[in-house]
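The structure under discussion appears below in the form of structure tokens.
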Amino acid sequence: MGIKSRPEKAGKAVLVLEDESLFIGKGFGAVGKISGEVVFSTGMVGYPESLTDPSYHGQILTLTYPLIGNYGVPAYDSDEFGVPVRFESLGIKVAGLIIQELCLKPYHWASSRTLNEWLRSEGVPGIYGIDTRRLTKKLREKGVMLGILQVCREGEEPKLDSLAKEVKNVQDPNRRDLVGEVTIKEPIYYDCKGSKRVVLIDCGSKASIIRNLLKRHVDVLRVPYNFSTKEILEYKPNGVLVSNGPGDPKKCVNTIETVRSLIEEGISIMGICLGSQILALAMGGDTYKLKYGHRSQNQPVLDLETGCCYITTQNHGYAVSFESLKGTNLKCWFINANDKTVEGIKLKNKLSFAVQWHPEAAPGPYDTESLFDKFLRGIG
Amino acid sequence: MPKFEWLRKVLVLGSGPIKIGEAAEFDYSGSQCLKALREEGIETVLINPNVATIQTDPRLAGKVYLLPVTPEYVERVIAKEKPDGILLGFGGQTALNCGVALAKNGVFEKYDVKVLGTPIRAIEETEDRELFRQAMIRVGIPIPRSQSAVSAEDALKAAEEIGYPVIVRVAYTLGGKGSGVARNKRELREIVNRALAQSMITQVLVEEYIGHWKEIEYEVMRDYKNNCITVCNMENFDPMGVHTGDSIVVAPSQTLTNREYHILRSASIRAVQSLGIVGECNIQWALHPRSEEMRAIEINARMSRSSALASKATGYPLAYIATKLAIGYLLPELMNKVTGVTTACFEPALDYIVVKIPRWDLRKFRNVDPHLGPQMKSVGEVMAIGRTFEEALQKAVRMLDIGKIGLVENNDDQPEPIKAVKDCLRNPTDERLFKIVKAIKMGIPIKEIYRLSGIDPWFLHKIKNIVDMEKRLKRLKIGSKEAAEVIREAKRLGFSDAQIARCIGVSEEEVRRLRKAHGIIPVVKQIDTLAAEWPAKTNYLYLTYSGDEDDVEFNINKNKVIVLGAGVFRIGSSVEFDWSCVNTIWALKKHNIDEAIMINYNPETVSTDYDISDKLYFEELTLERVIDIYEKEKPLGVIVSVGGQIPNNLALKLSRAGVRLLGTSSESIDAAEDRSKFSTLLDSLGIPQPKWSKFTTIEEAEKFAEEIGYPVLVRPSYVLSGYAMRIAYSQKDLRDYLELAARVSPEHPVVISKFIEGAKEVEVDGVSDGEDVLIGAIIEHIEQAGVHSGDAVMSIPPQSLSSDVIEKIEDYTRKIACALKIRGPFNIQYLVKNGAVSVIECNLRASRSLPYVSKSKGVNLIEVSTAIMLGKNLKELGIYTTPPIPYVAVKVPQFSFMRLSGADPVLGVEMLSTGEAACIGENFADALLKALQSVDFNLPRNNPSALITVGGKEMKKKIIPLARSLKELGFKLYATEHTADALHDANLETTVLYKVREAAKKPNIVDYLVQRKIDLVINVPAANPENEGMDVMEDEYVIRRLAVEFNIPIVTTFELASAIIKALKYYGKNGVTIQSLNEYMSSLPFRYW
């Protein structure tokens, strides 16, 4: 607090989309040029959580709420198990950030720096002062697009012509093994002296998933996404949780195979977000890319068994195909009350299930945290 | 699951007349409720005596009863109408309290009426502090440490345990009425005694004081299958300590982290699910500013002021959906009306910020305490939408219509010692926002402002941005290279052209030209509930400078008409003008206008509901903004004459700027408003008026007053005190007023006119097409001239006017309307004395009494006037007269003196009432009694007693017959010494009560009032206060104030006292009639509705 946090080095900034639309604004965070898939989220709170959510890896995130950075950024404190307390991972995962207005004078007791300082220190560029609503409407109408975000040095002018050409050649990050880029390299064991043990297949897991298990007195073994069935079974887990993560689920060939064989071995699975798509693919279902995804904290999901509706946090660009579930061992459990897409699936006659949203919240509502209890009850 | 099939007829309770804490927001919620029921094919019955509302339009409800919302009347309507269900959640605290009382009396069981929505048990748990505490403990939600108390001793003990300071809260009251903070025993005792007297269940809560914690509210919806959502959260700019109704509020919360937001959200849902609320409720939280510690403050198990605000802030129609839930629907079964394709079971995402600022009218009241605290004092509110906080805040300040052109550059700032500024930061008044600006300019650090005020530095830094921009603008050279960029940034921070113009030292027009030349124009954005994730079907719009694209396209081939709304409500301008605006919109649609466009910013109103008009601009009613919209929309014209004074004042300026006005021309408006022009006109028509003249020096004014003789009516054009008008009885009186309270100078002339004592006041509402005149009604005031028309009791038809006088009034009215070429609604006020009629003033716009006249007469004058504005004439419409009515409609004022500690309830030329009620009866007495009971005037029951204290010899004589009548009605009479002497002389047995200042002498007036041994106070102060001593005046003030605070009916004019006593006599013999407005209307020979 109190430090003049004017983004002195960042000058003009420009965002170019693959359809050549241009947004010229002011830069903040790090000076530099990045490319990625431009997406939007309509959540009104929780930028520290969102920016550190590994599911955003490879994406340039637009926040539709116009005033961002109001309560600053907290310190990277971790709990007794080494899990970050106020973030979803130890570092910003978005490629770039797009907002309407940057708060230069934030205030909050838990804040240790400004959003601008945080992005700058982690080398992430940001743009503000553009019409984010115009951008969002464009993404809604045309679907998510690839784009380049450039933050110029103060006094430097962006070269709009060359950027327009460059954007045509931007590689779609979804063709990369994004999960491989965010998964842990070595297994981590979180020992809370619990009565059960869950293996968490880390496809880019949010810290809140781990916290939710630990607070229910479950030991967590967090393993890389390409851990084999054999390696997992050696730990004798009561159940396996497949985490959220970035990109196209079909890229996770090994993980899909692992989940299939775990189920054959009779292991109960809970999937979250990408984990849900992986479970569907493992069971013979199919996934597809949504036009502009679901990224918000207000997605209503309808339980087809009870008729109850829950408000959930979502962050996904791909979805499970409803049609593809026919003939598989899966049944559709939840659908999105707005666009009727598949939001949750269940293995027939088994305890395994998966949801497309984030029951661990952070950011967003805690209304479906009880899914963790359901899972843990099921695994005895 | 579909709606309950057994439900065929539903009774809806309204909130009654507008008072502080219960205002037009309940017209909005009730109207939505009726709409939601009607589209299900459910028959609706509404009880609400607030004639000025839209919900009491017979088109909205199946049957409308203009009757008091009290258990007695509601039961009689239930017995008559036999509804299947009743809704208690749409008429504020009045409806809720009434419902709880009816349930207790077993009325619902007796008539087999189901309470729909939140069950009575849950209402009781939210209303009774102790039950609430237990309910919160049940679900592990912390609340402030507290203990309930039924006596002052109890309370003192509780406070010792909790520790001072404590806050005293009262069960079952409106807007925290009777609450207060006590820092010591003495203060506690005083508050508790008063509070106990006001609580329906004589219980108070003594509570841990958590001033300066953040105050956060959530609007929660739940269906009977336990689906639960929070539609909106709101953060108070003013931290705990100031009533939320008196706080500046933003939505969504700005300073909360994700954890804080969602911890509170989850707790809100837990509480609501545990209580079993069905429909909508509001929950208030205190959040510690330096931890995640929280306390639940209260739950309103009904639509509230906050939920109306939340509806407007988010676009989520809370009242509509709450109604559907109450009749059996589940949230996921309902649609989001904005998108038309997504579910209503969701939580809106905003991509803008909303700022609400309350509007106070404190300075209109004598002796009132301007400090803000746990008791709500504001009379209205504004809501501004922007994409920066600064933009929304500055818009909101302009919307308040308090003469400010924004947060800075107001030219009204008086120098002040730093101590006074700091005091206001610490002990907030209605002016704190502006003192923050002052403090920043004085160099008081943000940190210290925070320490004093508890206002989060996030807000303070934003205010500082505005102050800094003002400095930048003041240094700016208009021709400089950077000018465009600085102006663009200033516009983004909500600066108006007028503010920029003042900073730079050029004209407003020049700023406008310059910025348009640089392409600096605002864009139109849509409120879509989902932050652009889904397209919106509705046109709920605002303008912002943070954006470069309009969300909507403007089709210039369409017929469009813009209606300017009433803006902020304050004393003198309230829901009646919203009635006119909404009816204008409806009439425009009837006449095939493609786009009826509304501009208004009052979140309480029906007109700001996005499905009333084809396009709603939730925007400022300033010249700049109206032109912005006009230029984009290119409508046929703009209607300025139905929203009251705010749009009326814009008429001339808009016309000069080339805007086409529909209806009466701006020249005619000017001819009526410019006193000299109007006077000349009257002279040429041979119509008398009281002598008047305009002055720029005190000496001239005195000379003129001497000539025409005192008393005189003084109207300064610039006032310091808040009183605009005053009657002066002597030279000293005049001089005092002009020297102390007003400013007289060539720029601020003062108008002096002869005040005619003992005259009747009569007004006429009508519509003219320039050639023919439709006289809506001749309205007679019960009080004599000298009581503001807004505070007067009035009757249609007139009760005491001779046919000669009526003919004269009709003749004058026609002459004036034709001479002014009025094309639209108008109102003319007359004085009548000894058969002579003279004109006081003429307003060429819809008046306050228009809904009262229209509904009483079965002729919708707005519908007629809208047709005229669109080019029709009365001949084409085939309406030349309104029908004679076989009944009497009486309108009475509603005062809110109880909320305004210190305010003197004595009536005068300044309007003080906050609302009105009108009831219809077989005769004047029948209507008057029902109307009085609608405004909290409790009729005396068994063994009643009256206190009479009147000023002046003449009045003491005049009052004797009234006293005698009271005696005959069985009243025991009490009086002050001199009044008692007069009564004794007339052989009336009267007990003398000792004066207030003789506290030791018993029996004392104070004791009798405090113990509520008096049922009626008649206090007619001497007309000329100079004839009484200071101590007498002070005593009488205390009597009036105590009567107000202990809810004892008080009458301060002879005429009203006389009317009431006559009515009581009638009541004793006949009782009252129970008939719906529909029944009355269908008894008319013809209608135009």
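A count restricted to region B:1-56 and to residues that are basic (Lys, Arg), over 15 Å from the mean Cα position of the chain (by Cα) and outside any helix (DSSP H, G or I) stands at 3.
Kindly establish whether B:Leu1042 is more than 30 Å from B:Gly878 (Cα to Cα), modelled with pLDDT of 95 or more, surrounded by 15 or more Cβ atoms within 10 Å (Cβ to Cβ) and not assigned by TED's automatic domain parsing to the domain that holds B:Val864. Spelling it out, it is not the case that B:Leu1042 is more than 30 Å from B:Gly878 (Cα to Cα), modelled with pLDDT of 95 or more, surrounded by 15 or more Cβ atoms within 10 Å (Cβ to Cβ) and not assigned by TED's automatic domain parsing to the domain that holds B:Val864. Answer with yes or no whether B:Ser247 is away from chain A (no Cβ under 11 Å), crowded, with 24+ Cβ neighbours inside 10 Å and touching a residue at least 12 places away in the same chain (Cβ under 8 Å). Yes, satisfied. Would you pick out the residues in region B:472-497 that are assigned to a helix (DSSP H, G or I) and aliphatic (A, V, I, L, M)? Scanning region B:472-497 gives B:Leu473, B:Ala483, B:Ala484, B:Val486, B:Ile487, B:Ala490.
Considering each residue of region B:495-552, count those that are hydroxyl-bearing (Ser, Thr, Tyr) and under 15 Å from B:Gln394 (Cβ atoms), and give that number.
5
Of the strands (runs of 3 or more DSSP E) lying entirely inside region A:328-376, not one is found with 3 or more residues being out of contact with any helix residue (DSSP H, G or I) (no Cβ under 9 Å at 6 or more places or on another chain) and away from chain B (no Cβ under 14 Å). Residues in region B:284-308 that are assigned to a loop (DSSP other than H, G, I, E, B) and either buried (at least 24 other Cβ atoms within 10 Å of the Cβ) or under 31 Å from the mean Cα position of the chain (by Cα) (or both): B:Ala301, B:Arg302, B:Met303, B:Ser304. For region B:828-850, a residue qualifies if it is assigned to a strand (DSSP E or B), closer than 18 Å to B:Pro798 by Cβ, of a type outside the set (Ser, Thr, Tyr) and touching a helix residue (DSSP H, G or I) at 6+ places or on another chain (Cβ under 9 Å), and the qualifying residues are B:Ile828, B:Val832, B:Ala836, B:Val837, B:Val839. In region B:331-347, of all residues being within 7 Å of another protein chain (Cβ to nearest Cβ) and either in a loop (DSSP other than H, G, I, E, B) or of a type in the set (A, V, I, L, M) (or both), the one that is farthest from the chain's Cα centre (by Cα) corresponds to B:Thr342.
Would you be able to say whether some residue in region B:267-280 is within 27 Å of the chain's Cα centre (by Cα) and more than 8 Å from chain A (Cβ to nearest Cβ)?
Yes, the conditions are met somewhere in region B:267-280.
Taken over region A:296-319, the residue count meeting the criterion of being touching a Gly at 6+ places or on another chain (Cβ under 7 Å) and away from chain B (no Cβ under 11 Å) is 2. Of all residues in region A:104-134, exactly one satisfies the criterion of being within 22 Å of the chain's Cα centre (by Cα), under 20 Å from A:Ser35 (Cα atoms) and facing chain B (nearest Cβ under 9 Å), namely A:Thr132. Residues being touching a helix residue (DSSP H, G or I) at 6+ places or on another chain (Cβ under 9 Å), among the hydrophobic types (A, V, I, L, M, F, W, C) and assigned to a loop (DSSP other than H, G, I, E, B) are entirely absent from region B:91-112. Of the strands (runs of 3 or more DSSP E) lying entirely inside region B:533-603, those carrying at least 2 residues that are closer than 30 Å to B:Gly790 by Cα are B:560-564, B:595-600.
For region A:38-57, the tally of residues that are closer than 19 Å to A:Cys203 by Cα and either within 11 Å of chain B (Cβ to nearest Cβ) or crowded, with 23+ Cβ neighbours inside 10 Å (or both) stands at 8. Looking only at residues in region A:279-295 that are closer than 23 Å to A:Gly143 by Cα and not basic (Lys, Arg), the one that is farthest from the other protein chains (Cβ to nearest Cβ) is A:Asp286.
When the residues of region A:321-344 are filtered to those that are more than 29 Å from B:Ser266 (Cα to Cα) and not hydroxyl-bearing (Ser, Thr, Tyr), the one that is surrounded by the most Cβ atoms within 10 Å (Cβ to Cβ) is A:Leu330.
Selection over region B:813-841 of residues that are small (Gly, Ala, Ser) and surrounded by fewer than 24 Cβ atoms within 10 Å (Cβ to Cβ) gives a count of 4. A single entry from B:Glu161, B:Glu109 fulfils the requirement of being modelled with pLDDT of 95 or more and more than 12 Å from B:Val204 (Cα to Cα): B:Glu109.
For region B:411-434, filtered to residues that are under 19 Å from B:Gly494 (Cα atoms) and at pLDDT 95 or above, the residue that is surrounded by the most Cβ atoms within 10 Å (Cβ to Cβ) is B:Leu433.
Can you tell me which residue is surrounded by the most Cβ atoms within 10 Å (Cβ to Cβ) among those in region A:64-87 that are charged (D, E, K, R) and more than 8 Å from chain B (Cβ to nearest Cβ)? That would be A:Asp79.
The set of residues in region B:222-244 that are away from every other protein chain (no Cβ under 11 Å) and either at negative phi or modelled with pLDDT of 95 or more (or both) comprises B:Arg222, B:Tyr224, B:Met234, B:Asn236, B:Phe237, B:Asp238, B:Pro239, B:Met240, B:Val242, B:His243, B:Thr244. Counting only strands (runs of 3 or more DSSP E) that sit completely within region A:24-138, those holding 1 or more residues that are under 30 Å from A:Gly275 (Cβ atoms) and either charged (D, E, K, R) or not assigned by TED's automatic domain parsing to the domain that holds A:Arg153 (or both) correspond to A:32-41.
Only residues that are closer than 11 Å to B:Lys956 by Cα and under 41 Å from the mean Cα position of the chain (by Cα): list them for region B:983-1002, please. Passing the criteria: only B:Leu983. Checked against the criteria, B:Val506 does not count as within 14 Å of chain A (Cβ to nearest Cβ), farther than 21 Å from B:Phe389 by Cβ and surrounded by fewer than 18 Cβ atoms within 10 Å (Cβ to Cβ). Only one of the numbered conditions (1) modelled with pLDDT of 90 or more; (2) at positive phi; (3) in contact with a strand residue (DSSP E or B) (Cβ under 9 Å, 6 or more places away or on another chain) is violated by B:Gly176, and that is (1).
Taken over region B:314-328, residues that are assigned to a loop (DSSP other than H, G, I, E, B) and away from chain A (no Cβ under 12 Å) amount to 4.
The values are calculated or read from the model by the stated rules, or taken from the named source; none is laboratory data. Note that the structure is predicted; figures quoted are calculated from it, not measured. Note that we place each Cβ from the backbone using ideal geometry, even for glycine, and neighbour counts take in every protein chain shown.
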